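Report on the following structure.
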Amino acid sequence: MRSEIVIIGGGIIGVTLAHELAKRGEQVTVLEKKYIGSGSTFRCGTGIRQQFTDEANIKVMKRSVELWKKYSEEFGFPFKQTGYLFLLYDDEEVREFKRNIKLQNKFGVPTRLITPEEAKEIVPILDISEVVAASWNPTDGKADPFFATTAFAREAEKLGAKIFEYTEAKDIIVENGEIRGVKTNKGIIKTEIVINAANAWAKLINAMAKIPIKIPIEPYKHQGVITQPLKGGEINPMIISLKYNDAYLTQTEHGGIIGGVGVEYGPTYDLTPTYEFLREVSKAFTKIIPVLGELLILRTWAGFYAKTPDSNPAIGRIEEINEFYIAAGFSGHGFMMAPAVAEMLADLITRGKTELPIEWYDPYRFERGELRETALQMG
Amino acid sequence: MLVKLMRLTEHPILNFQEKRGRKITIYFEGQPIEAYEGETIVMALHAAGIRVLGYSVHKHRPRGLFCAIGKCASCLMTVNGIPNVRTCITLVEDGMKIERQKDKPKLPPTVKPPKFKEAKKVSGDIVIIGGGPAGLMAAINAADAGAKVILLDENPMLGGQLVKQTHKFFGKREQFAGVRGVKIAEILEEEVRKRENIEIFLETSAIMLLQDGDEKLVVGVRKNKELIEFRGKAVIVATGAMEKMIPFEGNDLPGVYGAGAIQTLMNTYGVKPGDRVLIVGAGNVGLILAYQLIQAGVDVKAIVEAMPKIGGYFVHAAKIRRLGVPILTRHTILRAEGKEKVERAVVAQIDEKWRSIPGTEKVFDVDVIALAVGLRPSIELLHQVGCQIKYVPELGGHVVIRDSRMETTIKGIFVAGDSAGIEEATTAMLEGKIAGIAAALEIGTASSEWFKEIEKAQKELDEFRAGPFGRKVLEGIKKVVVE
Ligand SMILES: Cc1cc2nc3c(=O)[nH]c(=O)nc-3n(C[C@H](O)[C@H](O)[C@H](O)COP(=O)(O)OP(=O)(O)OC[C@H]3O[C@@H](n4cnc5c(N)ncnc54)[C@H](O)[C@@H]3O)c2cc1C
Ligand SMILES: Cc1cc2nc3c(=O)[nH]c(=O)nc-3n(C[C@H](O)[C@H](O)[C@H](O)COP(=O)(O)OP(=O)(O)OC[C@H]3O[C@@H](n4cnc5c(N)ncnc54)[C@H](O)[C@@H]3O)c2cc1C
Ligand code: FES
């Protein structure tokens with residue numbers, strides 16, 4: 001078998017990229033060792049925000065939200081601009097967020113500082129007794145990872161992309177710095193271009209290609225929780241409380257309250273849910289919205305934050321191996337970034353350049369010791 | 001006046017007048033209803049003729065009770081403003097306000113911010129989840145073998161399925177043959193309560209099972225509210241089973257009940273399930289249920305059985321036939337009809353390929369359809385903690401791999417009774433005994449003398465399973481037991 005481009009990893013990054021490349025007329029194949037979304041994507045918290053603290057991530061996320069809107073309308077999956085509401089508890093936090101808001105406004109993201117009372121109007125069940133202000137951007141939002149991922153995969157296939165599930169990349173054949181093919185559990189696929197979109201497993205793919213530079217991406221266990229479904233409209237936006245254990249929570253289309261807190265384990269490939277998380281998430285959520293104490297939890301689960309030292313992904317070309325690209329290490333915000341990441345990487349592959357600030361995610365920055373300002377991470 | 005009608009005041013075996021607690025009042029959608037302390041919300045509602053407990057979210061179809069032991073979520077209601085309460089295992093309290101849910105529920109508008117305290121911590125040598133015959137026997141034997149035992153059950157009473165078995169048991173005398181199930185439950189409970197090294201927690205659901213350092217951690221929730229951390233060196237899971245449902249039109253109508261739920265209604269709480277019943281399934285459970293219904297003064301219209309032969313013991317079947325109840329083999333239920341609850345059942349004959357034969361339909365005017373079509377093991381906690389699982393139809397579905405001493409693939413986690421594979425109370429007790437002793441041996445509180453007791457129980461199990469009804473189970477056990 002032959003394919004012009006092989007993407008290793010069928011998460012949201014792999015399928016949005018496959019769709020973007022197929023749309024540009026490229027012949028592309030996605031290899032997924034289990035099923036589409038089975039990595040981190042189907043385990044994510046659904047949140048999509050532009051409230052970042054650096055220029056590059058704000059710009060990329062602004063573009064991403066435009067694309068989320070466009071594709072959700074075209075493909076018909078749920079994406080809602082219900083906003084992100086950061087609860088702030090003291091003057092120092094307010095000062096910091098004022099600075100972020102200024103930067104976000106500069107690039108056209110309409111975040112503003114609101115009073116606790118205004119926050120309560122947005123989410124009436126909120127307890128605002130400790131809140132002094134909130135950072136509110138109504139154009140942030142959320143999407144359903146199951147519908148979104150399968151929609152991108154389906155549309156990519158319509159455009160001729162091949163998606164092979166239960167097909168694991170076992171090795172990458174490289175001769176004199178040129179890629180020849182990918183060995184899988186189902187045979188060899190001949191190709192000249194490989195994209196590592198394996199996120200939490202990215203280091204294993206890098207090792208297969210024997211890339212000579214250091215790209216530290218490690219898997220950390222994070223967990224999510226969902227409650228029994230409630231009538232819609234209880235919690236429309238994503239609520240964030242950095243004070244209460246980096247908590248984030250919102251209501252899904254189906255009605256359950258979904259979210260998590262910053263209980264982290266790793267590096268590890270273990271995915272056993274922990275009691276510590278269950279306890280801490282209950283504590284944080286009921287601090288933010290006391291009445292959630294009356295609700296039953298349906299499920300908790302674990303997934304990976306694929307983390308780099310500055311919590312920014314590695315996106316770009318690896319020069320030493322011709323036509324080897326990487327887009328991995330998305331920490332807790334790879335779902336939201338995916339459409340823009342797909343666009344900039346497809347730009348790079350097909351046109352050799354992109355308008356989006358891809359340099360920020362330069363995979364060589366670790367080797368050079370040029371870490372970025374740490375990206376704002378929840379959970 | 002309905003109230004009096006649905007409550008059993010006379011029963012040949014059970015005396016409910018004596019058993020009933022203080023009379024109190026609860027409010028169903030504002031309307032006062034009489035209830036008795038010690039009964040669950042659903043029982044009080046059913047006694048008042050209320051069968052529709054809520055409506056499904058999307059199609060707004062009426063919902064009624066199904067399992068009556070807290071395992072299926074078809075009885076969720078809003079109680080004192082709190083949504084999604086399992087009303088089949090929640091006891092009534094004076095002045096309680098109960099509402100049906102017609103949509104996805106809303107949260108109550110205000111509550112006081114909760115005060116955080118550390119979870120209550122309870123430690124012992126062995127934590128036993130489930131107080132049915134398996135769990136009770138495990139507790140008694142582990143305690144006698146020197147272990148400090150913690151026993152929890154999410155229902156408000158001990159005994160598991162036994163508390164509703166009013167019939168006399170088969171088997172050997174040592175295993176309580178000839179004794180009624182309810183009586184066995186009483187005897188075992190008394191034994192358990194006698195032992196000072198057994199601590200009992202009722203109305204306490206185990207929601208998580210974990211390895212915690214060298215210990216096992218069982219996360220429990222008491223009365224839907226209080227978080228309790230149970231720690232022990234070993235855990236025995238004896239969580240029993242869950243009634244199976246079969247597909248047919250209208251199978252979600254209130255009045256389509258699991259056999260166990262009907263027994264709970266009439267035998268545990270003295271509430272008549274209805275007036276006219278069709279039973280689906282002629283295994284022992286279906287046959288015994290027919291007999292118990294007749295005892296309670298309920299009209300059993302027929303039993304339908306898809307197989308060409310009756311599955312249960314011949315004596316049971318003969319008794320039912322003598323009482324004039326037709327047993328229709330090679331028949332199945334096509335649909336349940338009725339507006340808000342079951343009003344009729346339509347059955348038909350089936351051919352070798354299990355297709356219904358047109359023209360053979362029969363209509364029964366019934367208000368209850370009892371499903372006695374088998375059980376499946378409750379293995380959720382074992383699955384969650386990571387025990388190896390296998391699908392073994394002979395044992396009722398997915399079960400855990402274990403050794404001959406009931407230890408699963410995770411050291412220190414044992415299984416016993418129906419949760420290890422669907423069988424009977426007799427075998428559940430023997431497995432409980434083995435698991436209790438094996439756990440005590442493993443953690444070192446029991447002397448090696450106790451090995452003999454395990455061997456004895458294993459021999460008794462072998463003898464019990466040597467009968468014709470044991471063959472299938474033995475086939476299944478071969479697939480899950482490893483050394
Ligand atoms: C609890 C939790 C909450 C989160 N919340 C959010 C959120 O609210 N918003 C947000 O934007 N992000 C969130 N994230 C992060 C988000 O889930 C990830 O960043 C995102 O899903 C990454 O997508 P991906 O396609 O890069 O990786 P993945 O979805 O992990 O896809 C990589 C795929 O590669 C496959 N693979 C690996 N090795 C091989 C191989 N050798 N051969 C073939 N296939 C292979 C894997 O099976 C996997 O499916 C959250 C993550 C977690 C765990
Ligand atoms: C109609 C009928 C007739 C029967 N007749 C006979 C007969 O004649 N002879 C015979 O030998 N057997 C008979 N049986 C079978 C017998 O009742 C069961 O096999 C036996 O009760 C199984 O015992 P157990 O301890 O494994 O489970 P159970 O008796 O089901 O007990 C399990 C207990 O675990 C508790 N539990 C479950 N999950 C949790 C949790 N997460 N947290 C806390 N507690 C939990 C439950 O509340 C329950 O009390 C009959 C069964 C039925 C339904
Ligand atoms: S959970 Fe209450 S009827 Fe099943």
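The values are calculated or read from the model by the stated rules, or taken from the named source; none is laboratory data. Quick caveat: nothing in here was measured; it's all calculated off a predicted structure. Cβ sites come from the backbone with ideal geometry, for glycine too, and all protein chains shown count toward neighbours. Heavy atoms of the whole protein, side chains included, go into the accessibility calculation; ligands, DNA and RNA do not. Shrake-Rupley method; radii C 1.70, N 1.55, O 1.52, S 1.80 Å.
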Legend entry - Residue tally, condition of a type in the set (S, T, N, Q) and either in contact with a Phe, Trp or Tyr (Cβ under 8 Å, 6 or more places away or on another chain) or buried (at least 23 other Cβ atoms within 10 Å of the Cβ) (or both), over segment B:385-427: 4
Legend entry - Qualifying residue in segment A:206-218 (condition: away from ligand 3 (no atom under 16 Å from the Cβ), under 17 Å from the mean Cα position of the chain (by Cα), charged (D, E, K, R) and farther than 25 Å from A:Lys70 by Cα): yes
Inset, instruction - Look through segment A:10-51, keep the residues that are more than 24 Å from A:Trp201 (Cα to Cα) and either surrounded by 24 or more Cβ atoms within 10 Å (Cβ to Cβ) or modelled with pLDDT under 95 (or both), and return whichever of them is nearest to ligand 2 (Cβ to nearest atom). - result: A:Arg49
Inset, instruction - With respect to B:Val219, determine if the residue is under 28 Å from B:Thr426 (Cα atoms) and either over 19 Å from the mean Cα position of the chain (by Cα) or open to solvent by less than 20 Å² (accessible area, probe 1.4 Å) (or both). - result: no
Legend entry - Subset of segment B:207-245 [small (Gly, Ala, Ser), under 19 Å from B:Ile89 (Cα atoms) and more than 12 Å from chain A (Cβ to nearest Cβ)]: B:Ala238, B:Gly240, B:Ala241
Legend entry - Selection status of B:Lys59, open to solvent by 60 Å² or more (accessible area, probe 1.4 Å), part of a loop (DSSP other than H, G, I, E, B) and within 14 Å of chain A (Cβ to nearest Cβ): no
Inset, instruction - Check whether at least one residue in segment A:225-238 is polar (S, T, N, Q) and at pLDDT below 95, and report yes or no. - result: yes
Legend entry - Residue selected from segment B:71-82 under the condition away from ligand 3 (no atom under 13 Å from the Cβ) and either among the aliphatic types (A, V, I, L, M) or not in a strand (DSSP E or B) (or both), by the criterion surrounded by the fewest Cβ atoms within 10 Å (Cβ to Cβ): B:Asn80
Inset, instruction - Test B:Lys456 against the stated conditions and say whether it is modelled with pLDDT under 95 and open to solvent by 70 Å² or more (accessible area, probe 1.4 Å). - result: no
Legend entry - Residues within segment A:266-290 that are open to solvent by 40 Å² or more (accessible area, probe 1.4 Å), in a loop (DSSP other than H, G, I, E, B) and within 10 Å of chain B (Cβ to nearest Cβ), tallied: 1
Legend entry - Test for B:Lys472: is it under 17 Å from B:Asn141 (Cβ atoms), out of contact with any strand residue (DSSP E or B) (no Cβ under 9 Å at 6 or more places or on another chain) and assigned by TED's automatic domain parsing to the domain that holds B:Phe176: no
Legend entry - Flag for A:Ile239 being more than 10 Å from every other protein chain (Cβ to nearest Cβ) and in contact (Cβ under 8 Å) with a residue 40 or more places away in the chain: yes
Inset, instruction - Scan segment A:228-246 for residues that are farther than 25 Å from A:Glu130 by Cα and open to solvent by 10 Å² or more (accessible area, probe 1.4 Å) and report the count. - result: 4
Inset, instruction - Only residues in segment B:446-475 that are part of a loop (DSSP other than H, G, I, E, B) count as the first member; pair them with residues that are small (Gly, Ala, Ser), Cβ under 7 angstrom, at least 6 apart or cross-chain, and list the lot. - result: B:Ala446/B:Ala145; B:Ala446/B:Gly146; B:Ala446/B:Ala440
Inset, instruction - Taking the options B:Arg355, B:Arg330, B:Arg321, name whichever one is buried (at least 17 other Cβ atoms within 10 Å of the Cβ) and among the basic types (Lys, Arg). - result: B:Arg330
Inset, instruction - With the condition kept exactly as written, say whether any residue in segment B:282-290 is touching a Lys or Arg at 6+ places or on another chain (Cβ under 8 Å) and either open to solvent by 10 Å² or more (accessible area, probe 1.4 Å) or of a type in the set (D, E, K, R) (or both). - result: no
Legend entry - Leading residue by the ranking (farthest from A:Pro124 (Cα to Cα)) among those in segment A:291-330 that are of a type in the set (D, E, K, R) and within 14 Å of chain B (Cβ to nearest Cβ): A:Arg299
Inset, instruction - Please work out if A:Ile7 is buried (at least 24 other Cβ atoms within 10 Å of the Cβ), more than 16 Å from ligand 3 (Cβ to nearest atom) and closer than 28 Å to A:Phe86 by Cα. - result: no
Inset, instruction - Look at A:Gly260 and say whether it is touching a strand residue (DSSP E or B) at 6+ places or on another chain (Cβ under 7 Å), of a type in the set (Gly, Ala, Ser) and within 23 Å of A:Ala328 (Cα to Cα). - result: yes
Legend entry - Residue tally, condition out of contact with any Phe, Trp or Tyr (no Cβ under 8 Å at 6 or more places or on another chain) and within 16 Å of ligand 1 (Cβ to nearest atom), over segment A:304-326: 5
Inset, instruction - Scan segment B:52-70 for residues that are touching a residue at least 60 places away in the same chain (Cβ under 8 Å) and within 12 Å of ligand 3 (Cβ to nearest atom) and report the count. - result: 9
Inset, instruction - Check off (1) touching a residue at least 24 places away in the same chain (Cβ under 8 Å); (2) outside the structural domain of A:Asn206 (by TED's automatic domain parsing) for A:Gly293 and give me the number that stays unchecked. - result: (1)
Legend entry - Count - residues of segment A:253-265 that are within 14 Å of chain B (Cβ to nearest Cβ) and either more than 22 Å from A:Gln50 (Cα to Cα) or at pLDDT below 95 (or both): 5
Inset, instruction - Kindly indicate which of B:Ile128, B:Ile98, B:Ile150, B:Ile140 is within 16 Å of ligand 3 (Cβ to nearest atom), in contact (Cβ under 8 Å) with a residue 40 or more places away in the chain and buried (at least 22 other Cβ atoms within 10 Å of the Cβ). - result: B:Ile98
Inset, instruction - Among the residues of segment B:383-422, write down those that are within 22 Å of the chain's Cα centre (by Cα), free of Cβ contacts under 8 Å to residues at least 40 places away in the same chain and within 14 Å of chain A (Cβ to nearest Cβ). - result: B:His383
